[in-house]
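These notes concern the structure reproduced below.
The values are calculated or read from the model by the stated rules, or taken from the named source; none is laboratory data. In this text the structure is predicted, and so the values were computed from the model without any measurement. For neighbour counting, all protein chains shown are included, and Cβ atoms are generated from backbone atoms with ideal geometry for every residue, glycine included. Only protein heavy atoms, including side chains, enter the accessible area calculation; ligands, DNA and RNA are left aside. Shrake-Rupley method; radii C 1.70, N 1.55, O 1.52, S 1.80 Å.
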Amino acid sequence: MKKPLLQSVFVLLLALAAGSAFAQIAPKAYAPENLRTLSVQDQTRVISLEYSEQSRGRRIPDDQLRFYLDQVNRSNWTFSRIKQDIAQSLGGNSGGWNPNPPAHGQTILCESKSGDARRCTPPWRGQSRLVRQISNSRCEEGATWSSQDGLITVWKGCRGEFAPGVAVGGTIRCESNDGRGRTCRTPWSGHSRLVRQLSNAACIEGRSWQSQQGQVYVGNGCRAEFGPRAGGGGGSSQYSVTCSSEDNRRKTCAYDPRQGRPILLQQISNTSCREGYSWGYAGNQIWVDRGCRGRFGPR
């Protein structure tokens with residue numbers, strides 16, 4: 001009589017244990033693809049649960065949660081898109097999670113999945129900027145991606161999220177990562193000014209950054225935000241000197257030092273004109289080299 005009773009108790013305990021385990025597993029994060037059909041409270045719940053499940057119990061950071069809620073309600077991000085983004089942020093990709101969403105929530109995903117070039121047409125006009133790298137392959141402007149008016153091109157495995165070229169406040173960000181030089185196109189046609197330095201390395205005009213019409217160049221670890229320079233410069237009445245390096249040879253051109261220190265007003269050649277490398281100024285002369293052809297004048 002005692003053995004059947006013990007067996008019954010054992011079976012009951014197993015059932016209770018199984019029920020308890022099932023109760024812990026049951027409340028998985030359920031959500032429709034279109035999260036906008038949910039209340040903000042339910043959106044917060046399912047996103048938080050999804051992050052907890054992927055991170056093995058960790059709590060989603062408040063700013064990351066706010067970012068996802070903004071993307072759901074402004075840019076129609078689906079639940080699958082958020083799950084993918086959470087996985088990428090927890091996976092440690094070099095791009096990581098970007099806590100600064102682009103202005104007005106406008107973004108477009110452009111991906112070179114097989115290493116081949118891919119062109120994407122954004123829903124805005126003008127230049128575009130990279131706001132988040134999602135590939136392991138580096139996304140570097142001019143090397144693996146480029147922007148034209150109404151067109152983005154990516155290649156060599158670059159996969160990234162892009163936004164309109166002018167960020168909030170009418171500025172762009174240009175960064176010299178790992179100390180390497182980088183050229184960034186600007187959505188304005190004139191010269192640029194330094195608005196805010198982001199790097200520990202000094203951003204000094206003429207040394208670690210310089211401006212051309214429609215471009216900003218940074219180097220030596222300078223990372224900064226730039227905006228349009230007041231007045232633009234480069235008018236037809238402005239004093240200027242055109243100097244050309246023919247056949248990649250060094251050439252000097254006379255310059256009136258009373259006009260003030262010269263800058264590059266316009267690059268005429270396809271070859272890059274970079275101060276200290278392919279052009280410079282000394283006394284009453286401008287020198288050009290390595291195929292640089294440009295128009296120079298006071299800032």
Complete set of residues in the range 203-228 that are open to solvent by 60 Å² or more (accessible area, probe 1.4 Å) and on the phi < 0 side of the Ramachandran plot: Ile204, Glu205, Arg207, Gln213, Arg223
Per-region count, the range 282-299, residues of a type outside the set (Lys, Arg) and open to solvent by 70 Å² or more (accessible area, probe 1.4 Å): 2
Out of Gly160, Gly150, sole residue that is of a type in the set (Gly, Ala, Ser) and surrounded by fewer than 18 Cβ atoms within 10 Å (Cβ to Cβ): Gly150
One residue from Leu49, Leu38, Leu69 being closer than 23 Å to Ile108 by Cα, open to solvent by less than 100 Å² (accessible area, probe 1.4 Å) and at pLDDT 80 or above: Leu69
Qualifying residue in the range 54-66 (condition: surrounded by fewer than 16 Cβ atoms within 10 Å (Cβ to Cβ), more than 22 Å from Ala163 (Cβ to Cβ) and either hydroxyl-bearing (Ser, Thr, Tyr) or touching a residue at least 24 places away in the same chain (Cβ under 8 Å) (or both)): yes
Candidate set: the range 109-127, residues that are modelled with pLDDT of 80 or more and touching a Ser or Thr at 6+ places or on another chain (Cβ under 7 Å); chosen: the one least open to solvent (accessible area, probe 1.4 Å): Pro122
For Ala103: the one exception among (1) open to solvent by less than 30 Å² (accessible area, probe 1.4 Å); (2) farther than 12 Å from Glu161 by Cα; (3) modelled with pLDDT of 70 or more: (3)
